[in-house]
Amino acid sequence: MADIIRLLPDHVANQIAAGEVVQRPASVVKELMENAIDAGATEIQLIIKDGGKTLIQVVDNGKGMSGTDARLSFERHATSKIQKAEDLFNLHTKGFRGEALASIAAIAHVEMLTKTEEDEIGTKIKIEGSKVVSQEVVVAPKGTSMLVKNLFFNIPARRNFLKSDQVEYRHIVDEFHRISLAHPQVSFNFYNNGSDVFQLPSNDFRKRIVQIFGRKTDEKLVPVSEDTQVVKISGFIQKPEFAKKSRGEQFFFANNRFIKSPYLHHAILGAFEGLIRPGTHPGYFINLEVEPSTIDINIHPTKTEVKFDDEHTLYAILKSTVKHSLGQFNVMPSLDFEQDQNLETPYEYKNKQVDIPQVVVDSSFNPFEAVKPPKGNSTGHYSKSSAKGWENMYVGLDIAVETDNHSNLEFESEIVNSSIFDDEKEEVETTSTTFQLRKKYIITTIKSGMVVINQNRAHQRVLYEKFLKNITIKEAVSQQLLFPLSLSFSPGEVSILKDIKENLCTVGFVFGDLNGDGVEIKGVPVLVAESEVQMIMEQLISDFQQEVPGDSFSQSDMLAKTLAKTLSVKTGETLDEFSQVKLVNDLFACKETTLSPFNRRVYITITENDIDRKFI
Ligand code: ADP
Ligand code: MG
């Protein structure tokens, strides 16, 4: 057989290598900004267009390159940062693999302008798909400007794989956050499609966090600090009461490099255990300084996954340091581990007055008289999940039933399908019986036997169809708030809310100001209690962060799903008979009854036959 092995030409090898280094525009931003940091820049500008697909430019005032270096920097394995393999364990730079520029030049149009302090004139190099188009001497300021245009122009498959400009933009913002947080002493400017997004003058770490995530962040931060032989820890955690539904603000930096570490993340969760609401995530900005020889950064091309020599010790130190800060800054009841935790009052309740339970009895209430019981009637049976729900479980003190919530289910049922309910009211109430099993299932009888309905999924389905309908026909009913709600979010989160604002309005939210770090809400859908708004917004942001819908239909769909998920009756909630009947009716008035919006089975039927067979 003839020989078949061939060496790949350089440009092909570079394109393949580029696949590892450059996944999307944000990867280019990361590499270029890191090069600027390594060059000792004190000012860095990032300019992008169309989510970085058409243009990414990074301008720095760093040390620049000589003409020869400028040309060499685009070769694969060309680096000024290490010389031998051992240097990998004494790294003080972001880069070291010498492949970023070669990779980027292989898959884009690149223009570099650079000049060193000593040189009189600078160098301009143009490269397209690894081919040097031109190199000339030019007048230039000290530093380097890298211009990357038309990413993946020569690999259409990769280009098609890119997400919408919006999504790519968000990835770039994430990357920008990471690098600018890792280097607060460097000043950064960020321009997107001609308008400025961030102007961050040189600052300390705390102020940098506030510059990025908004003024209101400042009061949330609690300092963390520990100095041991293994690691020096510094930074901030957010107070437990500000834990969010979204995971946005969680940052680890190891030797000024953003890293991902599920293991250390777990240590932090451990420290916060019992202090935050289930389903919420603590925010943190933690710097870890270790000996360069005790950390391996070269286990992944993007260098965000690293390996520490002594991870177990690091875990333990981090966890106790965070715990200590939570205690020291009085955000945790006690650090006395000998004490019986069961006797402790959760910190939020320490200074809280006990609510006197209020029972309002409506003597004129007659369940057979009207579909909707009068507002204010509190039977104490039906409790719907609300922001307060978890607190109730926690403390067991607050037994006042929220009358507003009580009326929620009834009300929405009326809206969804009052006609059906009215028509069949007689029949349902006289012929079928409902029963709640283990605060989870509603059992009702049908001609052939019985139906066991999962209450949570059924309600999700009902709400989902209702919201979807509201969005499509745009006629949601909203209730005006007496005092507009002011909620604070980071600029990134605000931009997500802006993206979905239009659809949120169609379900009944009314927005006032939607600016840099805050959102004003003037009206909410009738189904939504004021106290639930923050939670809903956080859930929405979190869902949209994780999965960005491609078109407006999927955006509506996702919005309806999130609202249904958040507002639905949960497992563990007692429903009175009236609410049970409503839910059953509402469910069977839906277009699709068998599956929840998340494709889970809503109910099962057990026929008389099935039961008979069991008795054989
Ligand atoms: P690495 O950063 O891993 O060394 P790169 O391909 O990113 O590899 O860069 C190659 C070389 O080009 C660097 O080692 C550095 O010497 C030089 N270089 C790249 N960007 C800049 C810059 N903005 N300023 C000065 N030198 C730079
Ligand atoms: Mg580099």
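Here the peptides 2-10, 194-202, 486-494, 589-597 are ranked by packing, the mean other Cβ count within 10 Å, and the order with the highest first is 486-494, 589-597, 194-202, 2-10. Shape of region 253-323 from its Cα gyration tensor (a ≥ b ≥ c, root eigenvalues): rounded if a/c is under 1.5, otherwise prolate when a/b > b/c, or oblate? Since a/c reaches 1.5 and a/b is larger than b/c, the shape of region 253-323 is classed as prolate. If a/c stays under 1.5 just call it rounded; otherwise compare a/b with b/c (prolate if a/b is bigger, oblate if not). Do that for region 428-565, with a ≥ b ≥ c from the square roots of the Cα gyration tensor eigenvalues. Prolate is the answer for region 428-565, as a/c is 1.5 or above and a/b outweighs b/c.
Would you work out if region 10-200 is rounded, prolate or oblate? Take a ≥ b ≥ c from the square roots of the eigenvalues of the alpha-carbon gyration tensor; rounded if a/c is under 1.5, else prolate when a/b is larger than b/c, oblate otherwise. Since a/c stays below 1.5, the shape of region 10-200 is classed as rounded. Our note on the geometry: Cα centres of region 94-157 and region 203-270, 35 Å apart. In straight Cα distance, which lysines are under 16 Å from Lys319, not counting same-chain residues fewer than 8 positions off? Correct list for Lys319: Lys232, Lys239.
Quarter the surface of the alpha carbon convex hull of region 72-128 and you get the mean projected area, 4.8 square nanometres. Normalised per residue, the accessible area of region 134-237 is 47 Å², obtained with a 1.4 Å probe and no contribution from ligands, DNA or RNA.
The orientation-averaged projected area of the convex hull spanned by the Cα atoms of region 207-328 comes to 7.6 nm².
Other residues with beta-carbon under 14 Å from the beta-carbon of Lys307 carry, at +1 per Lys or Arg and -1 per Asp or Glu, a net charge of -3.
Rounded to 0.05, the FRET efficiency of the His92 and Asn515 pair, given R0 = 45 Å and the Cβ-Cβ distance, is 0.65. With R₀ fixed at 51 Å, the C-beta to C-beta distance from His312 to Asn154 puts the FRET efficiency at about 0.65. Expressed as a whole percent, the accessible area of region 19-173 that falls on carbon and sulfur atoms is 51 (1.4 Å probe). Give Lys245/Lys522; Lys474/Lys570; Lys220/Lys565; Lys447/Lys591 a once-over and call out the pairs whose C-alpha atoms are over 24 Å from each other. Over 24 Å Cα-Cα: Lys474/Lys570; Lys220/Lys565. Using only alpha-carbon positions in region 507-599, the gyration tensor eigenvalues give semi-axes of 27, 18, 12 Å once each is multiplied by 5 and square-rooted (largest first).
The values are calculated or read from the model by the stated rules, or taken from the named source; none is laboratory data. Worth saying up front: this structure is predicted, and the values here are computed from it rather than measured. A quick note on method: Cβ atoms are made from the backbone with ideal geometry, for glycine too, and the neighbour counts reach across all protein chains shown. Accessible surface is based on the protein model in full, side chains and every heavy atom, while ligands, DNA and RNA are left aside. Shrake-Rupley method; radii C 1.70, N 1.55, O 1.52, S 1.80 Å.
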